[in-house]
Each structure stands twice: as structure tokens, then as C-alpha cells.
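The numbers here are math on the coordinates, done by the rules we state, and not lab data. If you're wondering where the values come from, they're calculated on a predicted model, not measured in any experiment. Cβ placement follows ideal geometry from the backbone for every residue including glycine, while neighbour counts extend to all protein chains displayed.
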Number of protein chains: 2
Amino acid sequence: MSIRALAFDVFGTVVDWRASVIAQLEAFGRISNVTADWARMADDWRAGYVPSMERVRSGELPWTRLDDLHRARLVELLAGAGVTAADPEIDHLNRAWHRLDPWPDSVEGLTRLKRRFTITTLSNGNVSLLTNMAKRAGLPWDCVLSAEIFHHYKPDRETYLGTADILDVAPEELMMVAAHPSDLRAAREAGLRTAFVFRPAEYGPDRTLNRPADGEFEFIANDFLDLADQLGA
Amino acid sequence: MSIRALAFDVFGTVVDWRASVIAQLEAFGRISNVTADWARMADDWRAGYVPSMERVRSGELPWTRLDDLHRARLVELLAGAGVTAADPEIDHLNRAWHRLDPWPDSVEGLTRLKRRFTITTLSNGNVSLLTNMAKRAGLPWDCVLSAEIFHHYKPDRETYLGTADILDVAPEELMMVAAHPSDLRAAREAGLRTAFVFRPAEYGPDRTLNRPADGEFEFIANDFLDLADQLGA
């Protein structure tokens, strides 16, 4: 059966969250005239991502959008670093995740892939985050789908099957595209096809990432242009 | 408070459903070598729209996407006209609603409005219908929202407030754009701002539509280019 639609993970796969968040924390520091280890704060902010979603996935918290999970973590991190900021400043800084820059190949690669397939986000980021990001970065999505639509965070099965259902394609006609094996494994268990895109710089220069073994996923690509080549788009 | 986002009704407001559906029914007739009053069938198909959604809105039916409501009505209409067709033909014909042509000003007008505002669909059409339509017609939505996301059909209040919530704007920062006063009145009751776009040809040459009275809605425009002019976009 042929591939009709591609669903993209976003943070790390489409956009370089780490460099973008560090740059925005640094800009905040300059404007606010405060200093901190901003790279470490970016990493700590991201490190809070999975545990905070886990509280929603487990039912400990009711559905909470990612912006709100991010903000609670940011408030803790600023307090921990002894940085004080007013609410509107914190809101603006929290929306750093709406202003992430794409990897150099993302816009051109998505534009090519869009000619042949329906392309959608399937991110844990909320709809407004993804919409604002796409508008600023010029990401040409056909539609914007999110954990927020399904009230389930990835890797819950409902997100992958919900995306196939709402696009009106069979799970095996939908391919998940991500830089993270855990996301792809969960997509595969739900019946989706899988494409791994290697983003070795996602976690910065001090962390080495390995390519998955050949054959672990149906496609393994160096970037979106390579994926477009492999898919004939 | 300023306008941040525009939510567009689609059938009749963005696309000319009637001429498009008639053309596709006629094409079906030629290929299948059957004749019928296709213009009347298009009007009867559309006439089933509000009553079928009403069965969902009232709770008589569980949530049912518009494609499925459309299909049930189409099967009745074909049977009533003595036309037989195989399931794949009926499926293809039913997706005529995915292949509607935009009004001549729609793409250029939306492209202008998108520079200044977030632009989304807010249609009773399901997400795959709207996504397929946008891809074929080149409609440059920032995101695709639908009654299907909220499991409520317009004019249920949940659709208007749900759109503001998911875009993370206040109701008074969101403007509903539609060619139908009933949609706009319900949006206004939910706290949204309103723009009426006059589409006098929506129901064909034999039905005369009147412009609403000046002042009934915040903006009254002749088309999307006029709306863009009035909004400074």
C-alpha cells in the first residue's frame, strides 16, 4: 500500500530547539541585565519535557497544553537561577518555543515533500505554538495536528491512530518522520510506517548521537532533502 | 482590543460549492452514461446539510463527520433519481466536496490577509476534506480547524470558543468571516468579532441574496480583496 501522508515530529526533527532557545535566553539576559548559564538552562528546560508530559499521560494531571507545562518549568528554573522576571516577560520568554528556527534543509525539503504527499505536524507542541512557529519560519504544512487535538501526548497510541483517522488514511498509508527512535517505534507499533531523519546536532556539540542500524526503520535519511530524494519527491 | 486571527467559514464563503458540485455531478453522469437534473441534485444535496447536522447537534446521532453525512444523503439522492453506482464511484463522487473551486478573489485575498493575521478555517467540513481542498486549490491557511476538532457543529458555541482557545487568543481578538448571517450571529453571541462577505452567486442565478444592513456586522465586504483593504492587509 502506498504512502499518502507524512506526519512530522517537530522539536529536533524540523527545528533546532536548542540553539534557538539558548539564543532567546541570552537575549532575555542582555535585556534584563542578568547572567546565568543559559545553555544549561535550555537543556534543563528541555529535560523537564518528558517528566511533565508523563504527569499528564499517567492521569496525575488533567489535559494540560505544552505551553503551560513549559511555563511551570521555566518559573522553577528562573527561581533556581535567582532570576526575577515579571509575568509578561516570562510569557514572552516561554513563547521562545513558538520562535524556533528550522534546520537549514527543512523549508526546502518540506516544500518538495508537500508536492507529493499531505504533510502535517504531529507534535506534542500545542496548536498555537505550531501555528505561530510555521508562520514565522515559513513551514508549509498542509495542516497542523498536535497532541492537543487528541488530548494525548506522544508516544500514546491515540496520537498516531488519531492522525490517520483525521486525515482519513489507513495507518499503513501514513508515515511518521522523526529524529527520535522512541517516537518511531511507538508509531510503528500503531501500524504507521517510519522514516528516521538524523539530526546529530540536536543536543549540542557535547553529546554524540548514533545513527540507528540499517533496517531498523523503513527509511533513514540525513535530512529532508535526502528523504525527498528517497521518496521520489 | 486588536484583531489577531481570522476564522473563515468555507462552503460558500471561500469556495463556490454549487458550481463545483454541479460540474462534478455532470462529469459523473457523462462517465456513467446516466442523465439526471444535476443542478437540482446539487441543491438537494446541500439542502440535506443542515438537517443532517441537526441530528448530530441534537444528540440523535453520535459525532459523525461531514463526509459521512454527505455520503448518506448522496446515496438517497442517487436512489431517488434511479441512478445506480458502485461504492468506489460513490466514494469518489462524495469527495466532490473536497474538490471545490475557490471564488476568483479567494487565494489572493487570503494571501494578503495572512500577512497580517493568523488565518484558519472554521468549517463544518471535516479536517481531511478541508486539507484536501486547500492542497488542490492553493488556499494558504495557517492551520485547519473544523467542527471535527471540537465534535460540535456550527453554530454551536463550542466551535467559536474552541477556536479562540486553541489559537490562544481572546474571543474578542478573533474575527469570524462568513457569507452567512446565522454563522456570524452565533459567533458574535460567543464574543467573536464579525465580517460578512457578500457572495450573491452562492445559490445560483435563480436565488437573490440581499446584503445585510449597514452596521449589522463590524465589517461588510464585497470579497476578500475588499476585506483586506478594509483591514489594512
Phi-based couplings in Hz for the range A:41-47 (Karplus 6.51, -1.76, 1.60; Gly and Pro marked x): 5, 4, 5, 5, 4, 5, 5
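Express the relative contact order of chain B as a whole percentage, based on alpha carbon pairs under 8 Å and six or more residues apart in sequence. If you can, show how the numbers build up before the last one.
On the way: 357 pairs, mean separation 59.4, N = 233.
Averaging sequence separation for qualifying contacts and normalising by length gives 26 percent for chain B.
Expressed as a fraction of 2.2 N^0.38 Å, the rule-of-thumb size for a compact globular protein of N residues, what is the C-alpha radius of gyration of the range A:62-157? Walk me through the intermediate numbers first.
Working: Rg = 15.5 Å, N = 96, 2.2 N^0.38 = 12.5 Å.
Here the answer is 1.25, to two decimals.
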Degrees between helix B:106-116 axis and first principal axis of chain B (Cα, 0 to 90, nearest 10): 30 degrees
19 Å cut-off, amide nitrogen to a point 7 angstrom out along B:Glu26 Cα→Cβ, residues in the range B:38-52: B:38-46
Subset of A:Lys154/B:Lys114; A:Lys135/B:Lys135; A:Lys154/B:Lys135; B:Lys114/B:Lys135 violating a 24 Å alpha-carbon distance limit: A:Lys154/B:Lys114; A:Lys154/B:Lys135
Environment charge of B:Gly80, counting only residues whose C-beta is closer than 13 Å and scoring Lys/Arg +1, Asp/Glu -1: -1
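Less than 12 Å Cβ to Cβ from A:Ala27, Lys/Arg counted +1 and Asp/Glu -1: what total charge do the surrounding residues give?
Numbers: positive: A:Arg30, A:Arg99; negative: A:Glu26, A:Glu89.
Net local charge, A:Ala27 excluded: 0.
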Whole-angstrom Cα spans of the range B:17-98 along principal axes, big to small: 40, 24, 23
Order of A:Trp97, A:Trp45 under a 10 Å beta carbon neighbour criterion, fewest first: A:Trp45, A:Trp97
Alpha carbon convex hull of the protein assembly as shown, volume per residue in cubic angstrom: 157 Å³
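Please report the equivalent ellipsoid semi-axes of the range B:105-233, computed as sqrt(5 x eigenvalue) of the Cα gyration tensor, largest first, in whole Å. Before the final figure, lay out the partial values.
Working: eigenvalues 85, 64, 54 Å².
The equivalent ellipsoid of the range B:105-233 has semi-axes of 21, 18, 16 Å.
What value, in deg cm²/dmol to 500, does the helix sum -39500 (n - 2.57) over DSSP H runs of n ≥ 4 give at 222 nm once divided by the residues of chain B?
Details: 11 runs with 111 residues, N = 233.
So the helix-based figure for chain B works out to -14000 deg cm²/dmol.
Near B:Leu184, within a Cβ-to-Cβ distance under 11 Å, what is the net charge of the other residues, with Lys and Arg +1 and Asp and Glu -1?
Working: positive: B:Lys154, B:Arg185, B:Arg188, B:Arg193; negative: B:Asp9, B:Asp183, B:Glu189, B:Glu216, B:Glu218.
Net charge in that neighbourhood comes out at -1.
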Residue order, fewest to most surrounding Cβ atoms within 10 angstrom, among A:Leu167, B:Leu209, B:Leu122: B:Leu209, A:Leu167, B:Leu122
Coarse-grained scattering of chain A at q = 0.11, 0.17 Å⁻¹, given as base-10 log I(q)/I(0) from a Debye sum over alpha-carbon atoms: -0.55, -1.27
